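To start, the structure itself, in structure tokens.
None of the figures in this text is laboratory data; all of them are computed from the coordinates on show. All values derive from a computational prediction rather than experimental measurement. Here the Cβ is made from the backbone with ideal geometry for all residues, glycine too, and neighbour counts use every protein chain on show.
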Amino acid sequence: MRRDVHTLCPYCGVGCGLIATTDGERVLRVRGDPKHPANFGRVCPKGGSVGQTVNVPTRLRHAMLRERFGAGPQIVPAAAAVRAAADGLRRILDSHGPGAIAFYLSGQLTTESQYIANKFAKGFLRTNHCDSNSRLCMSGAAVGMKLSFGSDGPPTAYADIELADAFLFVGSNAADAHPITFERVKKQIEKGAKCVVADPRRTATAAAATLHLPVRPGSDLSLLNGLLHLFRAFGKIDRAYVNAHTDGWAELDALLNAYPPARVAADCGIDPVDLHAAARLLADRDKLLTFWTMGVNQTLQGTFTTNAIVNLHLATGRIGKPGAGPFSLTGQPNAMGGRDVGYMSHTLPGYRTVVDPNDRAAVEGVWGVPPGTIRPEPGHDAVQLFDAVDRGEIKAVWVIGSNPAASMPNLPKVRRALERAELLIVQDAYYPTETTRYAHVMLPAAVNLEMDGTFCNSERRVTLMRQVVPPPGDAKPDWQWVRDVAAAMGFGRGMAYESAAAIFDEFARSTAGRPNDQSALHHKLLAERGPQQWPFPSMGRSAERRYADGSYPTATGRARLWARDAVDPGERPTPEFPLLLTTGRTLNQWHTRTKTGTVAQLNDRDPGPYLQIHPDDAAELGVADGDDVDVASGRGTARSVARVDADTSPGVVFMPIHWNELWGRAASPNEATTDATDPLSQQPALKCCAVRVSKVGATPPGRVRPMPAAEPALAAM
Ligand SMILES: Nc1nc2c(c(=O)[nH]1)N[C@H]1C(S)=C(S)[C@@H](COP(=O)(O)OP(=O)(O)OC[C@H]3O[C@@H](n4cnc5c(=O)[nH]c(N)nc54)[C@H](O)[C@@H]3O)O[C@H]1N2
Ligand SMILES: Nc1nc2c(c(=O)[nH]1)N[C@H]1C(S)=C(S)[C@@H](COP(=O)(O)OP(=O)(O)OC[C@H]3O[C@@H](n4cnc5c(=O)[nH]c(N)nc54)[C@H](O)[C@@H]3O)O[C@H]1N2
Ligand code: SF4
Ligand SMILES: [Mo]
């Protein structure tokens, strides 16, 4: 019996709705959901092929235990793995206290799984060392929006794209990273809208723009202050809006004097004529959307740059109106859900924080735990967390849905930490990954086509996914593993959920009266009425666009204009490390490739790693296209293959993040990247590190190594 099931794409934060056809056992076909407001039936190559990633030899089908680092893993019954995880955590909890236990979660888990893991950590084990890969991703935008608006979460909706007449992309290569959203933007450009892209590389996004500004890495704050300086000169400041709805204009107004076009063009390494043209294009149109992602967030000044982006909109009154506003694009499919449930080391459900006594008390009430249970100090952020493991302070880490041995900066240090962990629990859907090599306990997870649950996308839209096929072997949804380990530790009460729907109900209740109120949402409503945007409060109205009335959830009810002076972008070229390495994505691969690496047509299109380098730099180094190169920083050395290409700026080299240790020794750019972090958001500056590139030896061009297969015994399972 064939049937169609509504689900959604497990890849990017666009959050495309999918319809999967199944015979009950296999995924027969996947297509875009014509009614879903994120994609109206469209899908990109990754979403369209996701059905092929489910039943592959590299799935982790059974639980495994490994006695110590270096020993071979043994397949064990699920109950034995739960026992081992529970006993290990109990031993460490009793002998070293909660501070010795950490969780590292993911924006690729369902809201339900994120919620229960966060609750278990902060409300039962009483450790706030519960962070997530969103720290590497959305932290700068989240902290920046909270400072500017009083709340995280973008104010905009995808429907604004069709209403906009100008677009600014800052550090976003949406054509590759958010392809379906960018398709909509492109249609508007074809209809006459103008588009400016600031990126050190001429990306597919830049190529589709009206104007590309090839800014120097880390110079965006200067650019944004410079644009607002020119808007002011053009008489585009909306005084009425500024007076009625913002605080801080006087300081910002004074700061802008220091950003005349000549200085800004010099800071950014761009032509002053282009700067002027960009300002004109963006000033002359009322309906401006500004998109930003990792080129902003993954810098030492990501929070400040977010503030500066918001300033552009507040100061010109282009916010809370159709077709206008700052639009932070979410990376992972459910990083927004993770922020909603408060899965960062300083946050709690409902956009609350651990440092606020009222917030703690409210969440303790929802969780049914005694007053004073939640600790008041923020836990370690991702970088600090693995540092604490390295120092031996944190002894147990439970990783769910991330691959930190590939995706964290400064990998030599992270690997050392993982080797030292006394108990590493890795809950993943695939095997091997770079991280499973270090795991003592491996718990097999269901993937999204195998379970019920919700994701929340970039426009704050919550979509329900329904199980399409059963998970293989002993794999099960993430929340069930957490529940079962909690029960085995004696924390049954308060954690004994029977369904994802029941967890969602509790989560929804926790948001009542908060900026991200979605207390009237539940699985049944989402099944009957389709995906919904928050706010979705029980008595009030849901809103497609936030802040339409100009009132903000701050103490004064006004938004804050922050005067953010350009700060030192961190690493600069030196004689020893004369080039700047930036890192990022390609259209057909997803992160560490556990999924996309199994799909032939995606690998055909994006077959292998490379180091993009400008012809002038390559000539100076004697590097030719296809040469093996070493990319060295003070921290470590990555090895790649040179792609000589004038689409990157001179002085800036680029490596995609998708090919890591399983592909080839030292293949990951994170061998070299810096783990220095933004002081406000603690997000590492993955986009900018000083490196030296040198040729290793000529190799045949076009060499492609296959994804390593699972161990033969596992492949047969
Ligand atoms: N195909 C695909 N899509 C994805 C993902 C994937 O793995 N594959 N991952 C998803 C996730 S989790 C995320 S976070 C998003 C990321 O989405 P994006 O942020 O759009 O992707 P990146 O390639 O990481 O970086 C974007 C651009 O930032 C530029 N950049 C680097 N430094 C600077 C700078 O200082 N200033 C400016 N203005 N630009 C700079 C880079 O050249 C790069 O083109 O993509 C999501 N979508
Ligand atoms: N140099 C550099 N480093 C970066 C970045 C960069 O731009 N440059 N980007 C950073 C960003 S923005 C991000 S988001 C991170 C991403 O980094 P990671 O989170 O490490 O990337 P993934 O490969 O997506 O890892 C997800 C893991 O979860 C598994 N998985 C998939 N679905 C499920 C599930 O439902 N349940 C469970 N339990 N497991 C599942 C996958 O098999 C995979 O092993 O990388 C960061 N690292
Ligand atoms: S745009 Fe993103 S969400 Fe949509 S199909 Fe592609 S990867 Fe999936
Ligand atoms: Mo991300």
Add -39500 (n - 2.57) for each DSSP H run of 4 or more in the chain, then divide by its residues: what number comes out at 222 nm, to the nearest 500 deg cm²/dmol?
-8500 deg cm²/dmol
Treating the beta-carbon of each Lys and Arg as +1 and of each Asp and Glu as -1, no other charges, what is the dipole magnitude of segment 132-272 about its Cα centre, to the nearest 20 debye?
220 debye
The chain - charge dipole about Cα centre, Lys and Arg +1 at Cβ, Asp and Glu -1, debye rounded to 20:
1100 debye
Fraction of beta bridges assigned by DSSP in segment 139-329 that are antiparallel (%, nearest 5):
5 percent
Sparsely packed GluC sites (Glu not before Pro) within segment 522-606, loop by DSSP, other Cβ within 10 Å at most 15
Glu576
Rounded, prolate or oblate for segment 139-329? Axes are the square roots of the Cα gyration tensor eigenvalues, ordered a ≥ b ≥ c, and the cut-off for rounded is a/c under 1.5.
rounded
Viscosity 1.002 mPa s, temperature 20 °C: give me the Stokes-Einstein translational D for segment 151-252 in µm²/s, with Rh taken as the Kirkwood radius over C-alpha pairs.
140 µm²/s
Long-range amide H partners of Asp247 with built H, under 5 Å
Ala559, Arg560, Leu561
Quick one: compute a quarter of the convex hull surface over the Cα atoms of segment 481-596 and quote it in nm².
15.3 nm²
Straight distance only, please: which lysines reach the Cα of Lys395 with their own Cα at less than 23 Å, same-chain residues fewer than 8 apart left out?
Lys119, Lys122, Lys413
When 1/r is averaged over all different Cα pairs and the result inverted, which Kirkwood radius in Å belongs to segment 494-545?
11.4 Å
Let me have the relative contact order for segment 1-141, percent, based on Cα pairs under 8 Å that are six or more residues apart.
13 percent
What FRET efficiency, computed as 1/(1 + (r/R0)^6) with R0 = 41 Å and r the Cβ-Cβ distance, is obtained for Arg420 and Arg26, rounded to the nearest 0.05?
0.45
Distance between segment 300-351 and segment 553-621 - C-alpha centres, whole angstrom
20 Å
Any aspartates and glutamates with Cα under 13 Å of the Lys194 Cα? List them, leaving off those in the same chain fewer than 8 positions away.
Glu162, Asp165, Asp284, Asp286
Cα extents of the chain per principal axis, largest first, Å, are 68, 67, 54
Check the straight Cα-Cα distances from Lys524 and name the aspartates and glutamates below 13 Å, setting aside those fewer than 8 residues away within the same chain.
Asp452, Asp505
Computed over all unlike Cα pairs, the Kirkwood hydrodynamic radius of segment 73-208 in Å stands at 19.0 Å
Contact order normalised by length for segment 3-53, with contacts defined as Cα pairs under 8 Å and 6 or more residues apart; what percent is it?
30 percent
Skipping prolines and chain starts, which residues have an amide H placed within reach, meaning under 5 Å, of the one on Gly584, given they are 5 or more residues away or on another chain?
Met655, Ile657
Rounded to the nearest Å, the spacing of the alpha-carbon centers of segment 39-109 and segment 384-417 is 15 Å
Each label sits 7 Å from Cα toward the beta-carbon; between Phe40 and Arg68 the label points are separated, in nm, by 6.2 nm
Which of the peptides 251-264, 221-234, 497-510 is most tightly packed, and how do the rest follow, going by the mean number of other Cβ atoms within 10 Å of each residue?
221-234, 497-510, 251-264
In whole percent, what relative contact order does the chain give with Cα contacts below 8 Å and a gap of six or more residues?
19 percent
Which distance in nm do the two modelled labels at His276 and Arg466 give, with both placed 7 Å along the Cα-to-Cβ direction?
6.0 nm
What's the ranking of 40-49, 389-398, 453-462 by average number of surrounding C-beta atoms within 10 Å, highest first?
453-462, 389-398, 40-49
Can you give the three extents of the C-alpha atoms in segment 545-690 along their principal axes, from longest to shortest, in whole Å?
59, 42, 27
Ratio Rg/Rh, restricted to segment 305-392 and using Cα atoms, in which Rh is the Kirkwood radius:
1.10
Quick one: if you stick a label point 7 Å off each Cα along the C-beta vector at Ser694 and Glu544, how many nm between them?
5.9 nm
Segment 602-611 - phi-based ³J(HN,Hα) in whole Hz, Karplus 6.51/-1.76/1.60, Gly and Pro as x:
6, 5, 4, 7, 10, x, x, x, 7, 10
Projecting the Cα atoms of Gln480, Ala642, Ile374 onto the charge dipole of the chain, where Lys and Arg contribute +1 and Asp and Glu -1 at Cβ, the residue farthest towards the positive end is Gln480
